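Here's the structure we're looking at; comments come further down.
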Amino acid sequence: MTETGVGTEAGTGTGGAVPAVRIEGLRKAFGAKTVLDGVDLEIGRGEFFALLGPSGTGKTTLLRVLAGLERPDAGTVLAAPRRTTVYQEPRLVQSRRVLANVTLGLPRSARQAGRRALAEVGLEGYERAWPATLSGGEAQRVALARALVREPQVLLLDEPFAALDALTRMRTQDLVAELCARHRPAVVLVTHDVDEALRLADRVAVLRDGAFAADRRIGLPRPRDRDDPAAAGYRRSFLSHLGVGEP
């Protein structure tokens, strides 16, 4: 494969289904350091895919390639055209009110859709609030509304819960799970947290040394119980691939 941009069609997957993301032979280096080395990946429409890995193994680079913010050195990257990203920080414009942040860059006609998105994340009535008045969890929900209003086919989540306190983190995880089940984008979540990946994802992969050390579908019923013996088995397996023991 010689295409090195991010295409806007994902091709035909297994059984004729059209995946939301297809990557073949992806390579990316920064100077002498190769961070992605021949990565192959296919993500179905509506599938929630979580990516684990030690720091510096290329998780965020892979996300940035999918977002079109990094150009691969080699390989083919095909993805559905409507892609949005939610980051660890909400990245709100402090000089704009909440609704204006949600519809940033969209035509004025999108304001009603912005209001609906705010209602979906539990922030109905916050349209004229200033970002500085929001809690961390509220600000991240505004960022989620900003992603939703664009009706993404691929939702990229770059450690969006990492800066939240434990209780807010769990509530926001539940909200993301609910929203993704309703809207059915393909989701790529980058996280360092094995339990977070197991709680949310249909499929979890571990990236090490530029390639996937594991890629497993999670066969657990929802809602998921951290104390389920089957969850413990998945946890041990992923921790082993990450090079650490059970805490």
Some residue of the stretch 216-227 being among the acidic types (Asp, Glu), in a loop (DSSP other than H, G, I, E, B), farther than 24 Å from Leu41 by Cβ and modelled with pLDDT under 95: yes
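Return yes or no: is Ala197 among the small types (Gly, Ala, Ser), over 26 Å from Val35 (Cβ atoms) and assigned by TED's automatic domain parsing to the domain that holds Val21?
It is false that Ala197 is among the small types (Gly, Ala, Ser), over 26 Å from Val35 (Cβ atoms) and assigned by TED's automatic domain parsing to the domain that holds Val21.
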Pick from the stretch 75-98, criterion surrounded by fewer than 17 Cβ atoms within 10 Å (Cβ to Cβ) and more than 18 Å from the chain's Cα centre (by Cα), ranking: nearest to Val35 (Cα to Cα): Val93
Residue among Ala143, Ala186 that is assigned by TED's automatic domain parsing to the domain that holds Ala67, of a type outside the set (Lys, Arg), within 19 Å of the chain's Cα centre (by Cα) and within 29 Å of Ile23 (Cβ to Cβ): Ala186
Residues of the stretch 139-195 classified as of a type in the set (Lys, Arg), over 20 Å from Arg222 (Cβ atoms) and in contact (Cβ under 8 Å) with a residue 40 or more places away in the chain, total: 2
Flag for Leu62 being of a type outside the set (Val, Ile, Thr), in the same structural domain as Leu200 (by TED's automatic domain parsing), surrounded by 14 or more Cβ atoms within 10 Å (Cβ to Cβ) and out of contact with any Lys or Arg (no Cβ under 7 Å at 6 or more places or on another chain): yes
Any hit, the stretch 200-212, residues being over 28 Å from Val18 (Cβ atoms) and assigned to a strand (DSSP E or B): yes
Count - residues of the stretch 92-147 that are farther than 17 Å from Pro160 by Cα and of a type in the set (A, V, I, L, M): 14
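Among the β-branched types (Val, Ile, Thr), in contact with a strand residue (DSSP E or B) (Cβ under 9 Å, 6 or more places away or on another chain) and buried (at least 19 other Cβ atoms within 10 Å of the Cβ) - does that describe any residue in the stretch 158-179?
Taking every residue of the stretch 158-179 in turn, at least one turns out to be among the β-branched types (Val, Ile, Thr), in contact with a strand residue (DSSP E or B) (Cβ under 9 Å, 6 or more places away or on another chain) and buried (at least 19 other Cβ atoms within 10 Å of the Cβ).
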Output for the stretch 19-73, where each listed residue is assigned to a strand (DSSP E or B) and among the hydroxyl-bearing types (Ser, Thr, Tyr): Thr34
Residue within the stretch 202-213 that is under 18 Å from the mean Cα position of the chain (by Cα) and of a type outside the set (A, V, I, L, M, F, W, C) present: yes
Residues satisfying the stated conditions in the stretch 100-129, i.e. under 23 Å from the mean Cα position of the chain (by Cα), part of a helix (DSSP H, G or I) and closer than 17 Å to Pro90 by Cβ: Asn101, Val102, Gly114, Ala117, Leu118, Glu120
Residue check for Pro229: farther than 30 Å from Arg146 by Cα, exposed (fewer than 13 other Cβ atoms within 10 Å of the Cβ), over 14 Å from the mean Cα position of the chain (by Cα) and assigned by TED's automatic domain parsing to the domain that holds Ile43: yes
Residue match in the stretch 143-156 (condition: of a type outside the set (A, V, I, L, M), surrounded by 19 or more Cβ atoms within 10 Å (Cβ to Cβ) and touching an Asp or Glu at 6+ places or on another chain (Cβ under 9 Å)): no
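Residue-by-condition table, conditions (1) hydroxyl-bearing (Ser, Thr, Tyr); (2) closer than 30 Å to Glu24 by Cα; (3) assigned by TED's automatic domain parsing to the domain that holds Leu51:
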{"position": "Pro72", "(1), (2), (3)": "no, yes, yes"}
{"position": "Thr76", "(1), (2), (3)": "yes, yes, yes"}
{"position": "Tyr87", "(1), (2), (3)": "yes, yes, no"}
{"position": "Leu99", "(1), (2), (3)": "no, no, no"}
{"position": "Ala119", "(1), (2), (3)": "no, no, no"}
{"position": "Gly125", "(1), (2), (3)": "no, no, no"}
{"position": "Phe161", "(1), (2), (3)": "no, yes, yes"}
{"position": "Arg171", "(1), (2), (3)": "no, no, yes"}
{"position": "Ala177", "(1), (2), (3)": "no, yes, yes"}
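The values are calculated or read from the model by the stated rules, or taken from the named source; none is laboratory data. Everything quoted here is computed from the prediction, not taken from an experiment. Cβ: placed from backbone, ideal geometry, glycine included. Neighbour counts: every protein chain shown.
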